[in-house]
Amino acid sequence: MALPLSIIVIIALLPICWGFSEEQPTDQRVLVLLDDIALKSTHSIFFKSLLDRGYELDFKIADDPTLALQRYGKYLYDALILFAPAVEGLGGSLDVASVIDFVDSGHDLILAADTSTSEVIRDIATECGADFDEDIDAVVIDHFNYALTSENDHTLIVSTDFINSSVILGSNDIKAPVLFRGIGHSVNPASSLVVEILIASSTAYSANPSVELTDRPALTGTSIGLVSVVQARNNARVVISGSLDLFSDRFFHSAVQKFGSLTKYPRSGNEDFAIELSRWVFHERGHLKVVNLQHHKAGEKLEPPMYRISDQLEFSIEIYEWSGKHWRPFQASDVQVQFYMMSPYVLKTLTHNKKGLYSTSFQVPDVYGVFQFKVEYNRLGYTSLAVSKQIPVRPFRHNEYERFIPAAYPYYGSAFSMMTGFFIFGLFFLYHK
Amino acid sequence: MAAAVWNARNLAKCWESAIGLACLVLLCSTVPILALHPLSEADKAAARQLFVLKDDGSFGSSEETYHALRSLQVLGNNNLDTSLTCGFISTSLTSSKNAKDLFYDLKAAEILQCEFAEDAVTGVVSGLLTAAKEATSILDYFYPVGALVSVKEYLSEENFEDAKATLDVALESIKALGQSDGTWRYSHKETDSSVKAAGLALEAAAGILSLTGLESKGSEINYLTSAINKLFDNIESYDDGAQYFDERSVDKVSGGGGPLAATSTVLRGVSVLASIAGSKRLKVGADKFAGLATFFLSMGILENPAEAYLQLDALGILDDNSLIVPLILSLPSSVLSRTTNDKLQVAITTVLGSGTPPLVVTIKSAVPSNEKSNSIWSHQKLQALEGGKFYSFEFLSDKTDVGKYDLNFEISSPDKLSRYAAGGPLASTVTVTGKIAISDVEVAVVDSDTGSADFITKLDSSKLLSTTISANHLQKLKISFEMTSPSHAPFNPQQVFLKLTHESKVEQLYLIKPSGKHFELTLDFLGLVEKLYYLSGQYKIQLIIGDATMENPLNWDLGSLELDLPEAPEGAIKPREVAADVASKYAPKPEIAHIFRLPEKRPAAQISAGFLIVTLLPLLGFLFGLRFLGANLKGFPLSGLPLLSALGFHAGIASILLLYFLFWLKLNLFVTLKLLGFLGLFTVVTGHFILSHLADVSSKVKTA
């Protein structure tokens, strides 16, 4: 009886050990939804790089009636690639809400749109914070930054305006420009979670190339986002691209020469761009964990139950970054700790020992109350860290104040001289004859 | 392009899958119009990568080796070590037992032109004849017959008669399996018929005809040609012109493969039969072959080697056969620049991109895309260039202005019996581009009331100079210029933007609309104050002109405008927040250090010590006073109980005072009070005795 039971337990635990977890944050199982299976071969380099990196790709047609993201309340996949811009309705149990729930529960999404993007895909992008141009026929046109090709409608855009972030786009510079053909989107400037990582140039606009403009285009210039990423508060990551071709073998392999430029790149930067982006979105980079928050009085080892005002304390925390295979010490010089009660009283940058241990020391302020140690680390591309630990701070006890204050010696002296006088006066008063 | 690729590809894939229905629904919903391209060098290179030579000279099994060799033969330009592969084939040939492996070995050997020892092959021949004799199904006939065709020259005189008899029986049996709609059954046991089986049967029958000769085979050939006609009558087609043979039920006998395998096999059977029975007997329409070419080209290169073989084999047949060779029209460049005076170039090639004998290519019509006006060229003959692939034409003339043109072509052959025929669409689009002249650029500030120009400046578009203007809300800004195409006609580009950028990065964009060749924009600031958010200050004026047909797009910084607008009233709309710099959004926060409360100011220790001395002075004065007044202790009792009680009383007071001192120094209140209780009681008792004694003494003195 015991043996079968343990087998059942092991089998039940298997899918948990295998896949995304706190300790192994890289995604494993990826659902790829396509408009048609041919995309598997037209975008084979992108998919092959994912397969080579150990992902399990489950290719499905986007309106397959058997589609499901979860079964019995458990998600079957760690990430979703939506390469199905034309799909009118997602198949099976999938709809906009279920895809958003999937992201809301911490899973990742790559969404690529195209000139024929359906309402469903637009809705998902809007929910993620990127609004595609409402004009269905509009594409991004740039008469100044287009690639010289045999076709000539200036919709094949050469972009070098990518964000400067080694976390998202890798530490190696993308040397060649990125080719883009597709639709633009706008991002609410107030949003703190969506970041445009590839933007159009100031001369670009979004319109139907074969129609005369009657009104000013909805999207123009650098406000046109070409590719954006979202890092949600739950560390789910989303990539929204207005171009599906950006990920295609044809764009990966095509040579790039920009209009008006003599430089000819033998290959576009698309392969580097797309693959580095996929590394980021599937948590191979920039995923941090924080452990071992410690604090104690200077010169001591143990954590006290509370501090007294003006104590000198030492604070330390360990931060590690996931490299795709194992945790390695995170190295940054801008991690800060706050000593916080309603507002930060102390905000100090931590120094690290290159082994992941960040530490600092400071004096507890002369204000008592319930404080918190807070480490909030929000950097572009990194998972946001927010840890806090509560600690009370008490004032001096009555006997912890200073005794024998020199300035009070006249008072002491007068009291004692009074007492001496009283004693002597008593003797003479009683016994004088 | 992508849509068309998947159309065809899907078909092959969907076929066996449960999602077939969904695919087919999708297939019908799109109507792609595409320019078909022959197999490019990049496609060929990609396809070559699919076939990997192993160390023993093979590509896997005998079947895979043949598939690879045939595919590479079609792709051309391969550097194969034939001796190594021939070695593999000859070992395989001697060890092979079944007809299928022998078939593939001999076919592969045929491609590589391997040479074998004669006795090895004669043994094989007799084995194949036995297999053909015992055969009952199409596949049983197909492999031995196909193999025998490859080793025809080894059939000796004495066994030729025997072989002929066997093959005649085989041909009858194959014919007996044919169905009325042109399809074939694999064997008598099967109830369903298959298109792929028809292809195999046609090839096997053609093989038998080539071995036995065509004499007295008229009825058989007629049967086969009518079967082919029926097959082609039932061909399926897509909206993009692709045509293919559909397989009605799942083909379980020879490994399935769906429409791709069926179409490829039938094409092979038909071409083999045509090469043996003569192309004149087979009447297949050129449009059917064009459709087949579209089908095989539009699917792109397939990634599965077995499927890629079927595709490449079919393309190889379409590239060179005795029936019809479909031709593909493509434009190397669809952009013609007036500046460099490009000629229109048209490539006419076979599906694999090879040239053809000279043809007559004419432009039927060339109509501007935007306006359906008259054709600017009609029935113009293109000039053939060297190499047999390209044809060129002086498309640009004074009447071809910049813009897009829809072209229609016609291909005919001077040789009436040519097997070349147009395949794929013969329509194409070209864009004519040129340099646009921008002249009379004028920037003026006009008074709203009087209409008189307060400021006017003319700018030269070739120098891109800037100017500085100032205006207020009672004035108007007027910008005008003229644009003409290379043939001096009005030109209306898609992008004519005037962009005003405030120093706070708030942007305003205006379209400039033409009337003829004159472009003018008037900005009445009084009406625009609200849209400008009442933002006074420096504005940058930028003129952006661009179009797909414009070779010299213009991004001109016209200068700066100092605008003086009235103060914003209460409740005016604020400009939308300009996106904060990403770097600053994620930057570390400035450090905060707590400012501690400063200790209160105290006098210096010396001053306190001085005052301590001052406070002790009264005690000294008191002691001197006692001395001065002659105070004495003569009343102190000298004996008995009074002495004891006096000593006790004063010791008590002294110890209480000492206790006070100790309390100040270190004791706490509880210890002090406890000790004080004892000391107080003792002092009270001793005090009572000494005081009553003193009272007695004084009353005695009084009474005395």
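Computed quantities for the displayed model
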{"item": "Out of B:200, B:297, B:260, sole residue that is under 28 Å from residue A:43 (Cα atoms), in contact (Cβ under 8 Å) with a residue 12 or more places away in the chain and open to solvent by 10 Å² or more (accessible area, probe 1.4 Å)", "result": "B:297"}
{"item": "Within region A:106-120, tally of residues that are under 22 Å from residue A:235 (Cα atoms) and open to solvent by 10 Å² or more (accessible area, probe 1.4 Å)", "result": "2"}
{"item": "Any hit, region A:196-203, residues being touching a Pro at 6+ places or on another chain (Cβ under 8 Å), crowded, with 23+ Cβ neighbours inside 10 Å and aliphatic (A, V, I, L, M)", "result": "no"}
{"item": "One residue from B:551, B:562, B:520 being acidic (Asp, Glu), farther than 16 Å from residue B:448 by Cβ and within 11 Å of another protein chain (Cβ to nearest Cβ)", "result": "B:551"}
{"item": "Pair list, Cβ < 9 Å and 6+ apart or interchain, from region A:325-338 residues that are modelled with pLDDT under 90 to residues that are of a type in the set (Asp, Glu) and exposed (fewer than 12 other Cβ atoms within 10 Å of the Cβ)", "result": "none"}
{"item": "Some residue of region A:203-214 being part of a strand (DSSP E or B), closer than 30 Å to residue B:586 by Cα and touching a residue at least 60 places away in the same chain (Cβ under 8 Å)", "result": "yes"}
{"item": "Test: residue A:47 is within 14 Å of chain B (Cβ to nearest Cβ), outside any loop (DSSP other than H, G, I, E, B) and surrounded by fewer than 20 Cβ atoms within 10 Å (Cβ to Cβ)", "result": "no"}
{"item": "Count - residues of region A:377-433 that are among the basic types (Lys, Arg), facing chain B (nearest Cβ under 9 Å), in contact with a Lys or Arg (Cβ under 9 Å, 6 or more places away or on another chain) and in contact (Cβ under 8 Å) with a residue 40 or more places away in the chain", "result": "0"}
{"item": "Criterion violated by residue A:364 - all others in (1) away from chain B (no Cβ under 11 Å); (2) open to solvent by less than 40 Å² (accessible area, probe 1.4 Å); (3) more than 21 Å from residue B:584 (Cβ to Cβ) satisfied", "result": "(1)"}
{"item": "Filter result for residue A:167 (modelled with pLDDT under 90 and open to solvent by less than 30 Å² (accessible area, probe 1.4 Å))", "result": "yes"}
{"item": "Conditions (1) more than 10 Å from every other protein chain (Cβ to nearest Cβ); (2) outside any loop (DSSP other than H, G, I, E, B); number of the one not met by residue A:250", "result": "(1)"}
{"item": "Qualifying residue in region B:652-675 (condition: outside any helix (DSSP H, G or I) and open to solvent by less than 60 Å² (accessible area, probe 1.4 Å))", "result": "yes"}
{"item": "Positions within region A:266-286 being buried (at least 18 other Cβ atoms within 10 Å of the Cβ) and outside any helix (DSSP H, G or I), in sequence order", "result": "A:268, A:269, A:282, A:283, A:284, A:285, A:286"}
{"item": "Search result, residues across region B:531-548 that are part of a strand (DSSP E or B) and at the interface with another protein chain (Cβ under 9 Å from one of its Cβ atoms)", "result": "B:542, B:544, B:545, B:546"}
{"item": "Enumerated strands (runs of 3 or more DSSP E) restricted to region B:309-385, each holding at least 2 residues that are away from every other protein chain (no Cβ under 14 Å), of a type outside the set (Asp, Glu) and open to solvent by 20 Å² or more (accessible area, probe 1.4 Å)", "result": "B:360-368"}
{"item": "Failed condition for residue A:103, given (1) modelled with pLDDT of 90 or more; (2) touching a strand residue (DSSP E or B) at 6+ places or on another chain (Cβ under 7 Å); (3) open to solvent by 40 Å² or more (accessible area, probe 1.4 Å)", "result": "(3)"}
{"item": "Filtered residues of region A:170-189 (kept if open to solvent by less than 10 Å² (accessible area, probe 1.4 Å) and within 14 Å of chain B (Cβ to nearest Cβ))", "result": "A:182, A:185"}
{"item": "Subset of region B:440-452 (residues that are in contact (Cβ under 8 Å) with a residue 24 or more places away in the chain and either over 30 Å from residue B:337 (Cα atoms) or open to solvent by 50 Å² or more (accessible area, probe 1.4 Å) (or both))", "result": "B:440, B:443, B:444, B:445, B:446, B:447, B:448, B:449"}
{"item": "Residue B:467, sole failed condition from (1) among the hydroxyl-bearing types (Ser, Thr, Tyr); (2) away from chain A (no Cβ under 14 Å); (3) within 39 Å of the chain's Cα centre (by Cα)", "result": "(3)"}
{"item": "Of all residues making up region B:639-651, the number that are more than 9 Å from chain A (Cβ to nearest Cβ) and part of a helix (DSSP H, G or I)", "result": "9"}
{"item": "Verdict on residue B:347 being in contact with a Gly (Cβ under 9 Å, 6 or more places away or on another chain), among the small types (Gly, Ala, Ser) and over 26 Å from residue A:43 (Cα atoms)", "result": "yes"}
{"item": "Every residue from region A:210-227 that is crowded, with 16+ Cβ neighbours inside 10 Å and within 11 Å of another protein chain (Cβ to nearest Cβ)", "result": "A:213, A:217, A:218, A:219, A:220, A:221, A:222, A:223, A:225"}
{"item": "Residue count for region A:121-161, restricted to those that are surrounded by 21 or more Cβ atoms within 10 Å (Cβ to Cβ) and touching a helix residue (DSSP H, G or I) at 6+ places or on another chain (Cβ under 6 Å)", "result": "2"}
{"item": "Residues of region A:112-155 satisfying the condition of being within 13 Å of chain B (Cβ to nearest Cβ) and among the aromatic types (Phe, Trp, Tyr)", "result": "A:144, A:146"}
{"item": "Filtered residues of region B:391-418 (kept if modelled with pLDDT of 80 or more and either open to solvent by 80 Å² or more (accessible area, probe 1.4 Å) or within 14 Å of another protein chain (Cβ to nearest Cβ) (or both))", "result": "B:394, B:402, B:403, B:404, B:405, B:406, B:410"}
{"item": "Qualifying position, being within 25 Å of residue B:590 (Cβ to Cβ), part of a strand (DSSP E or B) and open to solvent by 40 Å² or more (accessible area, probe 1.4 Å), among A:345, A:358, A:320", "result": "A:345"}
{"item": "Residues satisfying the stated conditions in region B:594-638, i.e. in a helix (DSSP H, G or I), at the interface with chain A (Cβ under 9 Å from one of its Cβ atoms), open to solvent by less than 50 Å² (accessible area, probe 1.4 Å) and farther than 17 Å from residue A:409 by Cα", "result": "B:626"}
{"item": "Count of residues meeting criterion [open to solvent by less than 10 Å² (accessible area, probe 1.4 Å), among the small types (Gly, Ala, Ser) and in contact with a Phe, Trp or Tyr (Cβ under 7 Å, 6 or more places away or on another chain)] in region A:243-262", "result": "1"}
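The values are calculated or read from the model by the stated rules, or taken from the named source; none is laboratory data. The shown structure was predicted, so the numbers you read here are calculated from the model rather than taken from an experiment. Quick reminder, even Gly has a Cβ in these numbers, built from the backbone with ideal geometry, and neighbours come from all protein chains shown. These area figures cover heavy atoms from the full protein model, side chains too; ligands, DNA and RNA do not enter into them. Shrake-Rupley method; radii C 1.70, N 1.55, O 1.52, S 1.80 Å.
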